[in-house]
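These notes are about the structure you will find just below.
The values are calculated or read from the model by the stated rules, or taken from the named source; none is laboratory data. For clarity, every value in this text was computed on a predicted model and none was experimentally measured. Cβ: placed from backbone, ideal geometry, glycine included. Neighbour counts: every protein chain shown. Side chains are part of the model used for accessible areas, which takes the heavy atoms of the whole protein and leaves out ligands, DNA and RNA. Shrake-Rupley method; radii C 1.70, N 1.55, O 1.52, S 1.80 Å.
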Amino acid sequence: MVSKRDIKDQHTDLKKEITYHNDKYHVDDSPEISDREYDLLFKKLKDLESKHPFLDVSDSPTNQVGGVKLSELKAFVHELPMLSLDNAFDEQDLFDFEKRNLNKLKDSVLFDYIVEPKIDGIAISLLYEDGVLIKAGTRGDGAVGEDVTHNVLTIKGIPTKLNSKNTKIPKKIEIRGEIFVKISDFKSLNNTFKKSNQKVFANPRNFVAGSVRQLDSSIASRRPLNIYCHSVGFISEGSFFETQVDMVKTFQGWGLPTSDDCKLCKNIEEVNSYVSHLTRKRDGLDYEIDGIVIKVNDKSLQNMLGASSRSPRWAIAKKFAAEEGESKIISISFQMGRTGALTPVANLEPVKIGGVTISNATLHNMDEVKRLDVRQNDYVKIIRAGDVIPKVTAVLINERKAAAKKVLPPSHCPTCKEPISFFESNTPMLDCNKLKTTDRKCFGFSQFKETLKHFVSRNAMDIEGLGQRTIDVFVEIGILKSVTDLYKLSKSQIIDLEGFASKSTEKLLDSINSSLTTDLHRFVYALGIKEIGLETSKNLSKYFTNLNSIQAAKYDDFIQVDDVGEVAATNLENFFSNIDNKKIINEFLKLGLNLKYQNKSKASHLTNKVIVITGKLSQYSREDLKGQLELMGAKVTNSVSAKTDFLIAGEDSGSKLSKANKLNIKIISDENLESFINKT
Ligand code: IVH
């Protein structure tokens, strides 16, 4: 048993260790451990303290705001707090930012924006009175920072007197900006430091902090520091600037450096495309940026929007660095897909990336595992791009411990003992009767369950009430051994199962039975043939018009169909010539499969019209409405552009509605939908 004394000793050691690293980071600007290692230490301390309330926490880093030890520098009290910026992680967040602002202003005000790089340096406040620099301070906690006037006065790019030749100067103005070092300067200086055994800096930001936050100004004076000015804090004259662009130009006139990469954008779409442009340009910039700042251009609108206690409502930072994270691989497991491909998956210690907690990341396939040389217990880099499944991009090889273990894919299924190649077919498993085990952990069962999940999904047979959990149970108790078994289920088999009652059982059986009457393309898609997605299934349906012709087709026929390449044509031929699949399709027909083929679209008032659907509709599901409009000759697309003829906007329509409004696109409401379709 661990004694109280041991726990106290462990606590004291941890406190000391963290205080040491706090000083290294905040005072010396020279961290010795990664942010993640620091976070882990901190978590260990917090866990220990919450488990053992007798510990003395009065001097613990967990008890200090931000864990920051104040330096010897004088305090700098900000006249107005230096706020933070809210974060956006994708295009949708930017559309939502605009929507929130439009709502707040309760008016269809057309915004234009200024878009700027978010410089990763040290935030600074410069106080000018009658055009003369009198004080400079760091951000600190936003309310109180450190007085670094003596160092700022040595930075060549910062004018000690504003140039008032062409522009009037306010009595008192607080200019805000970011001090940074060019990456090229940082690299060459660090090299020199290394050669002469001097302290080397971890990154450009630490270098800047280590130069600006010094008592001795001779250090800063020897360092190549730069500034970009981006905003105003306190100003004695109320409405001095009309727009943000006006402010940037005035700064330039006064001799204050601003970034060359600022751009005025006319609307949020232009913002998004400039954000993409800057993101691509990021690696080519000679200064580090950790995001892109988007600001409402008009100052009177900025004032109307105001700020929360944390951040202004008129600006937002599109972040990219947060989309990359690091974590430890607890284990590597293998996931079976419906076509029998085994995908290695890294099970991670949970980590927040771009605001989302990630605990799994794909390793794609064994070639990728080999290429990265990734092992169990390794620390890895993970990237999360938008809604795509997070993936492991690299191993932090310097942090590899002896416990790191290579993982091989199973050569045989651990439960049914079948060689794994048995599952690597190109077709889904529509029937699991051939499996030699009833153990639900068998890879074969996983594959069959995946096939079923796809078969019942919304764009396929669209069976309601058959979620993953229910499928698992039905397969595990043996009432589903083949996809066709779905249509043989009886009320008595289901009603006593957990989560089912008489009504829900009937509803499920109704949904199953009515799914037998469906579109040809839905059935083809439901079969889950590798490479055959929804659009290809629609093309197959249009080309062949009936199931018989599809079954009789050969490679040379399939290859004629739009969208069908060599691999897809081979998969189709293999699938439909396979004797087991033929049997299954015959069984479907015996069960009453009734496939509709929609004839070519008819000429109507919607022929060739481009339509976008958004929001919730009371009478239609999205897919049904899309199908109906396509039948009438319309083209249904996903995003609003100048080419869009109509936007059908249901309840809770978001950015698409505001965009369509701006582009003067005709909006069809849920109420008017019926008369729009029927032209009444
Ligand atoms: S505008 C928040 N523009 O980002 C009030 N800030 O999270 C308006 N930063 O420490 C700030 N580049 O120093 C603005 N182009 C830019 C910026 C920028 C870097 C820093 C800023 C502050 C932090 C806010």
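Quick look at the values:
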read-out	value
Those residues of the stretch 295-320 which are of a type in the set (Lys, Arg) and open to solvent by 20 Å² or more (accessible area, probe 1.4 Å), in sequence order	299, 310, 313, 318, 319
Any pair with Cβ under 6 angstrom, 6 or more apart, that starts in the stretch 120-141 at a residue that is over 23 Å from residue 72 (Cβ atoms) and ends at one that is within 12 Å of the ligand (Cβ to nearest atom)	120/205; 120/288; 120/289; 120/290
Tabulated pairs, the stretch 651-680, first of a type in the set (D, E, K, R), second buried (at least 17 other Cβ atoms within 10 Å of the Cβ) and assigned to a helix (DSSP H, G or I), C-beta under 7 angstrom, 6+ apart or interchain	659/269
Strands (runs of 3 or more DSSP E) fully within the stretch 72-189 counting 2 or more residues that are within 16 Å of the ligand (Cβ to nearest atom)	86-88, 113-119, 122-129, 132-138, 144-146, 172-180
In the stretch 252-270, residue farthest from residue 171 (Cα to Cα) [restricted to those that are away from the ligand (no atom under 16 Å from the Cβ) and surrounded by fewer than 19 Cβ atoms within 10 Å (Cβ to Cβ)]	270
Candidates 166, 206, 151, 197 - the one that is modelled with pLDDT under 90 and closer than 17 Å to residue 124 by Cα	206
Residue check, residue 450 in contact with a strand residue (DSSP E or B) (Cβ under 9 Å, 6 or more places away or on another chain) and over 25 Å from residue 498 (Cβ atoms)	no
Test: residue in the stretch 285-294 that is surrounded by fewer than 17 Cβ atoms within 10 Å (Cβ to Cβ), without any contact (Cβ under 8 Å) to a residue 40 or more places away in the chain, within 15 Å of the ligand (Cβ to nearest atom) and outside any strand (DSSP E or B)	no
The one condition in (1) in a loop (DSSP other than H, G, I, E, B); (2) open to solvent by less than 70 Å² (accessible area, probe 1.4 Å); (3) out of contact with any Lys or Arg (no Cβ under 8 Å at 6 or more places or on another chain) that residue 197 fails to fulfil	(2)
Residue within the stretch 14-37 that is over 38 Å from the mean Cα position of the chain (by Cα), surrounded by fewer than 17 Cβ atoms within 10 Å (Cβ to Cβ), at pLDDT 80 or above and not β-branched (Val, Ile, Thr) present	no
The stretch 220-251, residues that are modelled with pLDDT of 95 or more, part of a helix (DSSP H, G or I) and either open to solvent by less than 40 Å² (accessible area, probe 1.4 Å) or closer than 16 Å to residue 178 by Cβ (or both)	244, 245, 247, 248, 250, 251
Criterion violated by residue 71 - all others in (1) over 30 Å from residue 313 (Cβ atoms); (2) modelled with pLDDT of 85 or more satisfied	(2)
Of residues in the stretch 295-330 being within 15 Å of residue 87 (Cβ to Cβ) and modelled with pLDDT under 85, the one farthest from the ligand (Cβ to nearest atom)	324
Number of positions in the stretch 271-282 that are open to solvent by less than 50 Å² (accessible area, probe 1.4 Å) and either within 15 Å of residue 119 (Cβ to Cβ) or more than 16 Å from the ligand (Cβ to nearest atom) (or both)	3
Residues located in the stretch 532-558, provided they are surrounded by fewer than 17 Cβ atoms within 10 Å (Cβ to Cβ) and either touching a residue at least 60 places away in the same chain (Cβ under 8 Å) or among the acidic types (Asp, Glu) (or both)	534, 535, 556
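Residue-wise test of (1) within 26 Å of residue 180 (Cβ to Cβ); (2) of a type in the set (Ser, Thr, Tyr); (3) touching a Pro at 6+ places or on another chain (Cβ under 8 Å); (4) open to solvent by less than 20 Å² (accessible area, probe 1.4 Å).
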{"position": "73", "(1), (2), (3), (4)": "yes, no, no, no"}
{"position": "76", "(1), (2), (3), (4)": "yes, no, no, yes"}
{"position": "100", "(1), (2), (3), (4)": "no, no, no, no"}
{"position": "115", "(1), (2), (3), (4)": "yes, no, no, yes"}
{"position": "118", "(1), (2), (3), (4)": "yes, no, no, no"}
{"position": "130", "(1), (2), (3), (4)": "no, no, no, no"}
{"position": "139", "(1), (2), (3), (4)": "yes, no, no, no"}
{"position": "160", "(1), (2), (3), (4)": "yes, yes, no, no"}
